[in-house]
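This report refers to the structure that appears directly beneath it.
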Amino acid sequence: MKMKLHVVEISSVFLFVFEHRNMKCTSCEGKYDGDAGACRQCYEDIKAKVAFLTISYEYPLTSFPDVVLYGSDDGHPDGPVKVMAHTVVLASRSPVFRAILENETKEIHIYELWPPQEFFAFVNYLYTAEICLDQQSARTLLVLAEKYQVHHLRDLCQKFLVSNLNCYNSLATYTLGHHHNDKQIIDAALTFITNNIEKLASSDEYAELKKSHPQLVIEIYERHFASL
């Protein structure tokens, strides 16, 4: 009887250790070793998000918006879209906005954004660090995040574009990466393209790329032949 109890105790300890070495992440639902509640990657993502949302106390916090952000009207009959914002939020999220606002500017024009939903998505992200991306919005917001040095948003757009590469968007993503000198996107897209060169070489997008950016096609073939 004593021996059986001892076995049960050992089994309980073993199960306890096993369960804690194979936990399920509450964020991505993947398995990981430990008992922190989140895997290492999700933990780093959450930590970066918290750091991004931390308000700088260099500026007085007010309950009332004190600056206007304008989006491009792009010839829209109703004129440019606009949204009221807070100096303290903009200055904390972007060093570029901070430099602009140090001159006591009360209006900021963001001409790159259209349609309006992408303008509002960008402003909403500055307040919440939440974004719902698709191919078009990821491309637009990547450019904007680079310009205003919103690094957390830039990283999310990069990850989205890299993780969603396929035969329909890889050439456009590759071109985008070159336009903005984004090595991470260039390398990922180039690897995908060279691995699928036989299918892509017969596409209309590839024919257009040869006309508009022949130097990029040369780079593709150089990588392709180097991998043979």
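I need HIS86, HIS109, HIS224 ordered by Cβ neighbour count within 10 Å, fewest first. Could the numbers behind the result be given before it?
Numbers: HIS86 19, HIS109 12, HIS224 16.
Ascending Cβ contact count within 10 Å gives the list HIS109, HIS224, HIS86.
Rg and Dmax of the range 105-215 over Cα atoms: what are they, in angstrom?
15.4, 54
Between the alpha-carbon centers of the range 153-184 and the range 130-146, tell me the distance in whole angstrom.
11
Non-local amide H neighbours of VAL67 (under 5 Å, H modeled in plane, Pro and chain starts lacking H): which ones?
HN-HN under 5 Å from VAL67: ALA85, THR87.
Once you list every other residue whose beta carbon is under 15 Å from the beta carbon of LYS210, what net charge do they have if Lys and Arg are +1 and Asp and Glu are -1?
Around LYS210, the charge tally is -4.
Read-outs: derived from the displayed coordinates by stated rules, not from any lab. Values in this document were obtained by computation on a predicted structure and should not be read as measured data. Positions of Cβ are generated from backbone atoms using ideal geometry, with glycine treated the same way; all protein chains shown enter the neighbour counts.
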